[in-house]
Amino acid sequence: MDELDIAILRRLQDDARAALADIASEMGKPRTTIAARLSKLEKDGVVLGYKAVLNPFALGFNVLSYVLLSVKRGAPEVDKSIQYRVTEKILRDADGKDLPWVEEAHIITGAYDVLLKVWARDIRQLSRFLVVYLTSLPEIQRTETMIVLEIVSDWRQRRLPL
C-alpha cells in the first residue's frame, strides 16, 4: 500500500458513501485510478465491505454488556472447538429468538473462554439471557457479566490508524 491507498482508506472511513468522483477530485487523481485502487483493496481483503452503521440505542437496545463464558473442555469436532460451536449456537439463537443482540463474539485466552458483546432492550431481557438461556446450555460452566455504564468511545466513532 502506498500513500494514495492510505488516503483512499482514510476517506472511506470518514464517509463510505463518498462518490468516487468526489474522492478523485479531492485527491487530484482520475476517477479510474481511484476505482482501480479501491477494487484492488477490496480484492486483497483490506476493504471487507460497506454497510450502514446503526445506533443500537435508537433501535431500542438500551443495555450494553460484556459477558464472559467458561466452557467445558472436550475434544474438537470437525476442526471446531467446543468454545467455537457454543459461540456459533448462541449467535444463531440470538438472531431468531427474543434474546439480546450479540454484536461481537470472541474466543479468548485467560480465565474465560468466550467474550460476548451483548445489547439488550432492557435489564429484564439481559437477565433472561443470562439466567434462563445461558444456563440452559450444558457446555457453559460459568459466566461473568459486566454492564456498561457509559460508552466513552467504540468502533462507530473511531477509525483504524493508517
Of all residues making up the range 105-123, the number that are closer than 8 Å to V63 by Cα and not hydrophobic (A, V, I, L, M, F, W, C)
2
Does E104 meet the test of being in a strand (DSSP E or B) and within 14 Å of the chain's Cα centre (by Cα)?
yes
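Would you mention how many residues in the range 80-113 are touching a Pro at 6+ places or on another chain (Cβ under 9 Å) and within 21 Å of D154 (Cβ to Cβ)? Give the steps one after another, and end with the answer.
In the first step, residues of the range 80-113 are kept if they are touching a Pro at 6+ places or on another chain (Cβ under 9 Å); the result is 82, 84-85, 94, 101, 103.
Still in the list and also within 21 Å of D154 (Cβ to Cβ): 94, 101, 103.
Residues in the range 80-113 being touching a Pro at 6+ places or on another chain (Cβ under 9 Å) and within 21 Å of D154 (Cβ to Cβ): 3 in total.
Got a sec? Which of A24, A16 is in a helix (DSSP H, G or I) and either on the phi > 0 side of the Ramachandran plot or among the small types (G, A, S) (or both)?
On the way: A16 fails: in a helix (DSSP H, G or I).
Exactly one of A24, A16 is in a helix (DSSP H, G or I) and either on the phi > 0 side of the Ramachandran plot or among the small types (G, A, S) (or both), namely A24.
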Can you tell which of A120, A105 is surrounded by 11 or more Cβ atoms within 10 Å (Cβ to Cβ), under 18 Å from V71 (Cα atoms) and among the small types (G, A, S)?
A105
Run down L160, L126 and say which single residue is surrounded by fewer than 11 Cβ atoms within 10 Å (Cβ to Cβ) and touching a residue at least 24 places away in the same chain (Cβ under 8 Å).
L160
Within the range 62-110, restricting attention to residues that are farther than 18 Å from Y133 by Cβ, in contact with a strand residue (DSSP E or B) (Cβ under 9 Å, 6 or more places away or on another chain) and hydroxyl-bearing (S, T, Y), which residue is modelled with the lowest pLDDT?
S81
Positions within the range 2-32 being touching a helix residue (DSSP H, G or I) at 6+ places or on another chain (Cβ under 8 Å), more than 15 Å from Y50 (Cβ to Cβ), in contact (Cβ under 8 Å) with a residue 12 or more places away in the chain and not small (G, A, S), in sequence order
L4, D5, E26, M27, K29
Identity of the residue in the range 28-42, loosely packed, with under 13 Cβ neighbours inside 10 Å and of a type in the set (S, T, N, Q), that ends up nearest to I6 (Cα to Cα)
S39
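The values are calculated or read from the model by the stated rules, or taken from the named source; none is laboratory data. All values derive from a computational prediction rather than experimental measurement. Ideal geometry is used to build each Cβ from the backbone, glycine not excepted, and the neighbour counts take in all protein chains shown.
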